[in-house]
1. Of Ala38, Ala112, Ala122, which has the largest mean-square fluctuation in a 10 Å C-alpha GNM of the chain?
2. Along the Cα→Cβ direction, 7 angstrom out, place labels at Asp11 and Glu108. What is the inter-label distance in nm?
3. Counting only protein heavy atoms and a 1.4 Å probe, tell me what percentage of segment 1-94's accessible area is made up of carbon and sulfur.
4. Sum up the lysine pairs in the chain that clear both bars: alpha-carbon distance under 21 Å and a spacing of 8 or more or different chains.
5. With every protein chain present, what is the per residue accessible area of segment 42-184 (1.4 Å probe, Å²)?
6. Is the C-alpha gyration tensor of segment 65-184 telling us rounded, prolate or oblate? Criteria: a/c under 1.5 is rounded; beyond that, a/b larger than b/c is prolate, otherwise oblate.
7. Step through the residues of segment 126-142 one at a time and calculate ³J(HN,Hα) from phi using the Karplus curve (6.51 cos²θ - 1.76 cosθ + 1.60, θ = phi - 60°), rounding each to whole Hz and writing x for Gly and Pro.
8. Ratio of segment 19-60's C-alpha Rg to 2.2 N^0.38 Å, to two decimals?
Amino acid sequence: MRRAATPLSVDTLRHSILDAWTTSDRTTIFMVERIPDALWNVEVPGTPRKTVRMLAAHLHNSRRGWIRTLGGPHGLAVPEAVDRRRVTRAELVRALKSSGRAMANLLEFGLAQGGRIPPTPAYVWRNLPLDVGHVLAYFVAHEGHHRGQILLIARALGKPLSRETVNGLWGWTRFSKAGAKKRR
């Protein structure tokens, strides 16, 4: 006979949501730090005038846009945008760290509101359920999609990321431990 699982406490669930975001955030930063210089300014095939740099910068600017839309009206700090055409790798990494913390703040705000981010007048798209589970899943999927695009573009152009980097993108246990230690 199977024993019933013990329900998760609210605090355990809070830590799980925030740790999952931190892990995804650290995975994105890990990749951006390791995009080869030879790939940084290369145009993305099939999308004239869009470079790998611009695609990487989109990750931060997208976070910023969602934070501005969902959190700004509630008083959450909104990180500065980056110039997707000129941002350096070091500037982007700093910006991603800032927007990663701001995303964690947005999720934490939603958790404090009973597990749901209250809608704002700025949220006109209305295609994303605002419970923290859906918000987390959306952002993790969005960033995973673009990390995959960058990997595919690099391979297609004959400038693949190192095996260590590609394998490292799946080191979620390591990123999770590092993220948990950093937050404590």
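The values are calculated or read from the model by the stated rules, or taken from the named source; none is laboratory data. Just so you know, these numbers come straight off a predicted model, no measurement behind them. A quick note on method: Cβ atoms are made from the backbone with ideal geometry, for glycine too, and the neighbour counts reach across all protein chains shown. For the accessible areas, the whole protein counts, side chains as well, though only heavy atoms, and no ligand, DNA or RNA atoms are used. Shrake-Rupley method; radii C 1.70, N 1.55, O 1.52, S 1.80 Å.
1. Ala38
2. Each label point lies 7 Å from its Cα, and together they span 1.6 nm.
3. Whole-percent figure for carbon plus sulfur exposure: 52.
4. Values: Lys50/Lys159; Lys97/Lys177; Lys97/Lys181; Lys97/Lys182.
Going through the chain pair by pair, I get 4.
5. Working: 7800 Å² over 143 residues.
Normalised by residue count, the accessible surface of segment 42-184 is 55 Å².
6. Working: a/c = 1.84, a/b = 1.59, b/c = 1.16.
Since a/c reaches 1.5 and a/b is larger than b/c, the shape of segment 65-184 is classed as prolate.
7. Using θ = phi - 60°, the values come out as 6, 10, 10, x, 9, 6, 4, x, 5, 4, 4, 4, 4, 5, 5, 5, 4 Hz.
8. Values: Rg = 11.9 Å, N = 42, 2.2 N^0.38 = 9.1 Å.
Dividing the Cα Rg of segment 19-60 by 2.2 N^0.38 Å gives 1.31.
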